[in-house]
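The block underneath contains the structure these notes are about, expressed in structure tokens.
The values are calculated or read from the model by the stated rules, or taken from the named source; none is laboratory data. Please read all numbers here as calculations on a predicted model, not as lab measurements. All Cβ positions, even for glycine, are placed from backbone atoms using ideal geometry, and neighbour counts span all protein chains on display.
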Amino acid sequence: MIGKNILIVDDTETNIDILIDLLDDKYELLVATDGSTALEILAQEKIDLVLLDIMMPIMDGYDVCKHIRNNYNTEELPIIFITAKSDEESIEKAYDIGGNDYVVKPFKAKELLARIDTQLKLKTLIDNLERVASYDEMTGIYNRRKFFQLAVDVFKEGIDNLYAVMIDIDKFKDVNDKYGHPTGDKVIKLVAKEISKNICEDSIFGRVGGEEFAILCFKDSAQTVKEKIEKLRKNIENLEILSDNNELIKCTISEGIAKATNETKTIDALLKEADIALYEAKGTGRNRVIFR
């Protein structure tokens, strides 16, 4: 699994050298000789697995594991304790605080390699399952379930300058009826791609229905949001899409915007306001932006 990053955390140079000799040709290795350095590396680098000694000064392996588990769950970042402590109490504590596996020194090389391989394969499997559960297969953006999950979390953090945008492709049924579903899928993909290109990185963007999308974003002013969403509308109006029969198709979108206020008690209420604005846009001629 070359390309996987493993962080070795141990205060003994000999132990580190043994692990480097064993793993260097199979993985990308980073080394920390104390707990605080390990946490600094984790904050700056993408780490796929941690090999963690228990007996270290100032911050022992247990404390390091506790700090890691405040930021990563056991599926996101596997931790294998490698230690000379072989008593049942130490082993039980390691698992209780979030360790994924436990290897006693001196270890057998093949056994350690197998345990590392198992944890990395399990992490890859879980990552793939999470992607399937979180992303829309057609467009690659968040699906409805993941969008609402993230939206709830964002709303809990605070509503200052929080805006919701609901977007619908105008007369999409006519596209499917006239050109067929493969062309309809192409339209959805291109619209999603254009929206993705024109929103800020910290925005939450998802496909929440067949031809319906939603955005959550933070902006300092309503005017900034209006201008950005209006620009998006124009960009999509200018898109040129070829059907499977090489016919040129033009499409437009309608958009509704709502700002969270002190009266907005839930994320559902905010999105409902944006949805009302969207239906007003569609009911007053489509291909326009309405702000509530």
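In table form, for the structure just shown:
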{"quantity": "Odd one out for Ala84, checked against (1) modelled with pLDDT of 95 or more; (2) among the aliphatic types (A, V, I, L, M); (3) not assigned by TED's automatic domain parsing to the domain that holds Gln223", "calculated": "(1)"}
{"quantity": "Residue satisfying condition, being of a type in the set (Ser, Thr, Tyr) and out of contact with any helix residue (DSSP H, G or I) (no Cβ under 8 Å at 6 or more places or on another chain), within set Ser243, Ser196", "calculated": "Ser196"}
{"quantity": "Unique residue being more than 21 Å from Lys123 (Cβ to Cβ), hydrophobic (A, V, I, L, M, F, W, C) and touching a residue at least 24 places away in the same chain (Cβ under 8 Å) when the list is Ile20, Ile58", "calculated": "Ile58"}
{"quantity": "Any chance Lys105 is surrounded by fewer than 17 Cβ atoms within 10 Å (Cβ to Cβ) and modelled with pLDDT under 95", "calculated": "yes"}
{"quantity": "Among (1) more than 25 Å from the chain's Cα centre (by Cα); (2) surrounded by fewer than 17 Cβ atoms within 10 Å (Cβ to Cβ) - the single one Thr183 does not satisfy", "calculated": "(2)"}
{"quantity": "Considering residues of the range 108-132 that are at pLDDT below 95 and of a type in the set (Val, Ile, Thr) only, the residue surrounded by the most Cβ atoms within 10 Å (Cβ to Cβ)", "calculated": "Ile126"}
{"quantity": "Hits in the range 64-77 (condition: part of a loop (DSSP other than H, G, I, E, B) and among the β-branched types (Val, Ile, Thr))", "calculated": "Thr74"}
{"quantity": "Residue list for the range 91-115, restricted to those being in a loop (DSSP other than H, G, I, E, B) and touching a helix residue (DSSP H, G or I) at 6+ places or on another chain (Cβ under 8 Å)", "calculated": "Ile97, Gly98, Gly99, Asn100, Lys105"}
{"quantity": "Counted residues, the range 59-84 - those being out of contact with any helix residue (DSSP H, G or I) (no Cβ under 7 Å at 6 or more places or on another chain), farther than 10 Å from Gly99 by Cβ and hydrophobic (A, V, I, L, M, F, W, C)", "calculated": "2"}
{"quantity": "Tabulated pairs, the range 227-239, first modelled with pLDDT of 95 or more, second loosely packed, with under 13 Cβ neighbours inside 10 Å and part of a helix (DSSP H, G or I), C-beta under 9 angstrom, 6+ apart or interchain", "calculated": "Asn235/Lys197"}
{"quantity": "Residue in the range 78-90 that is surrounded by fewer than 17 Cβ atoms within 10 Å (Cβ to Cβ) and either assigned to a strand (DSSP E or B) or among the small types (Gly, Ala, Ser) (or both) present", "calculated": "yes"}
{"quantity": "Residues (outside any helix (DSSP H, G or I), acidic (Asp, Glu) and free of Cβ contacts under 8 Å to residues at least 60 places away in the same chain) located in the range 129-158", "calculated": "Glu137"}
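Every residue, every condition in (1) assigned to a helix (DSSP H, G or I); (2) farther than 26 Å from Arg145 by Cα; (3) free of Cβ contacts under 8 Å to residues at least 24 places away in the same chain; (4) not assigned by TED's automatic domain parsing to the domain that holds Ala151, yes or no:
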{"site": "Thr183", "(1), (2), (3), (4)": "yes, no, no, no"}
{"site": "Ile188", "(1), (2), (3), (4)": "yes, no, no, no"}
{"site": "Lys193", "(1), (2), (3), (4)": "yes, no, no, no"}
{"site": "Ser196", "(1), (2), (3), (4)": "yes, no, no, no"}
{"site": "Gly206", "(1), (2), (3), (4)": "no, no, no, no"}
{"site": "Gly209", "(1), (2), (3), (4)": "no, no, no, no"}
{"site": "Val225", "(1), (2), (3), (4)": "yes, no, no, no"}
{"site": "Ala274", "(1), (2), (3), (4)": "yes, no, no, no"}
{"site": "Arg286", "(1), (2), (3), (4)": "no, yes, no, no"}
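Let's see how each residue does on (1) touching a Ser or Thr at 6+ places or on another chain (Cβ under 9 Å); (2) assigned to a loop (DSSP other than H, G, I, E, B); (3) within 25 Å of Val154 (Cα to Cα):
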{"residue": "Ala214", "(1), (2), (3)": "no, no, yes"}
{"residue": "Lys228", "(1), (2), (3)": "no, no, yes"}
{"residue": "Leu232", "(1), (2), (3)": "no, no, yes"}
{"residue": "Ile236", "(1), (2), (3)": "yes, no, no"}
{"residue": "Thr261", "(1), (2), (3)": "no, yes, yes"}
{"residue": "Lys265", "(1), (2), (3)": "no, yes, yes"}
{"residue": "Ala269", "(1), (2), (3)": "no, no, yes"}
